[in-house]
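Reviewing the structure listed below.
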Amino acid sequence: MPAASAPTAPTAQDIAAAQARIAPWLLRTPVVESRELGLPFAVELKLEQMQLSGSFKARGAFNSLLSLPLPEAGVVAASGGNHGAAVAAAAARLGVQARIFVPEIAGPAKIALIEAQGAALEVVPGFYPDAFARAEAWRDRTGALMIHAYDAPATLAGQGTLMKEWEEQGLAADTVLIAVGGGGLIGGALAWLGGRRKLVAVEPELAPTLARALAEGPDAETDVGGIAANALGARRIGRLAYDLARRRQLASVLVSDTAIAAAQARLWHGLRQWVEPAGACALAALTSGAYVPEPGERVAVLVCGANPAPSPF
């Protein structure tokens, strides 16, 4: 029996099809330009933290559930929190049975968000890989469809719709800064843009998953920690995103937890946008000086997650 071929990254056509598929279910999130972030230049921001379930993850979740054959056992996902909430939300709206495994590090706010969507939830001691192992065991035992958080073509195609949408909204930037965890969002953006704009990957210093993989190879594993670990805490980068990043010679910068927290504060004080640490990670590259634009370079930042722990409510 021939070996199964390795998954390939989505094409621009796949992303366009995903956009048409998921559009009835999701928000077209707003774009703003601000000079209120303490920087000497205006920054364009896409406020994707306003998306259903509080993050871009809903795009990949809906695309997966709407494009893949669904078994009677439903779907299963492992998540640091946001992906699980997105899969739970999509499953509830589409009438699909879902079971979500999250590590304890997900925190009470994200756990409560998943529970509120009605999915079966199991909290697993440890970190994301521990939750993923339990999800795989559930898949093998029940036949449920695994919805991968960041390393599956349908997930990347869904996340790629964000960049397609942003361009349709008039994205004027030369350079777009995007936070990276497992690589689903940056992979989708790379797949859609195909080199038309410069992308900069931004990672916490305590979770430099992509940076280490670019230096050491796709199988490099990273110890992860810090204030954004429940969203940007993948120990190994997704292979689809890694291949795209190598092909496009993606730039990667690292930011400290202090810089991330300061960027959170700037988003609140400047725009009254309260986001989780991962949601402010890309902005932190600008506000901390980890990324300094060239004179005249127009920059944009993706704000990607709105599920802080603890919840303000």
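Taking the listed residues R134, R141, the one that is surrounded by fewer than 23 Cβ atoms within 10 Å (Cβ to Cβ), within 25 Å of T209 (Cβ to Cβ) and more than 21 Å from the chain's Cα centre (by Cα) is R134, with no other qualifying. Among the residues making up segment 94-138, those that are touching a residue at least 12 places away in the same chain (Cβ under 8 Å) and part of a loop (DSSP other than H, G, I, E, B) are V96, Q97, G107, Q117, G118, A119, P125, G126, F127. Taken as a whole, the structure places Q51 among residues that are at pLDDT 95 or above, of a type outside the set (V, I, T) and farther than 14 Å from A157 by Cβ. On the stretch given as segment 166-177, residues that are assigned to a helix (DSSP H, G or I) and acidic (D, E) total 2. Would you confirm whether any residue within segment 142-152 is out of contact with any Pro (no Cβ under 7 Å at 6 or more places or on another chain), under 30 Å from S288 (Cβ atoms) and not aliphatic (A, V, I, L, M)? Looking through segment 142-152, at least one residue is out of contact with any Pro (no Cβ under 7 Å at 6 or more places or on another chain), under 30 Å from S288 (Cβ atoms) and not aliphatic (A, V, I, L, M).
When S311 is tested against (1) in the same structural domain as A191 (by TED's automatic domain parsing); (2) modelled with pLDDT under 95, only condition (1) is not met. Whether a residue is surrounded by fewer than 22 Cβ atoms within 10 Å (Cβ to Cβ), in the same structural domain as Q273 (by TED's automatic domain parsing) and either farther than 25 Å from A284 by Cα or of a type in the set (G, A, S) (or both) was assessed, and A73 does not pass this test. When restricted to residues that are of a type in the set (S, T, Y) and within 17 Å of G54 (Cα to Cα), segment 6-32 contains 1. Picking from residues in segment 17-54 that are exposed (fewer than 14 other Cβ atoms within 10 Å of the Cβ) and among the basic types (K, R), the one that is nearest to L66 (Cα to Cα) is R28.
Taking the criterion of being in contact with a Leu (Cβ under 9 Å, 6 or more places away or on another chain) and over 20 Å from A201 (Cβ atoms), the residues of segment 270-280 that qualify are G270, L271, Q273, W274. Could you check, for segment 257-269, whether at least one of its residues is modelled with pLDDT of 95 or more and assigned to a loop (DSSP other than H, G, I, E, B)? No, every residue in segment 257-269 fails to be modelled with pLDDT of 95 or more and assigned to a loop (DSSP other than H, G, I, E, B). Condition check: within 23 Å of G182 (Cα to Cα), modelled with pLDDT under 95 and not assigned by TED's automatic domain parsing to the domain that holds D243. Does P2 satisfy that? For P2, the condition - within 23 Å of G182 (Cα to Cα), modelled with pLDDT under 95 and not assigned by TED's automatic domain parsing to the domain that holds D243 - is not met.
The values are calculated or read from the model by the stated rules, or taken from the named source; none is laboratory data. Being a predicted model, the structure only gives us computed values, none of them experimental. Here the Cβ is made from the backbone with ideal geometry for all residues, glycine too, and neighbour counts use every protein chain on show.
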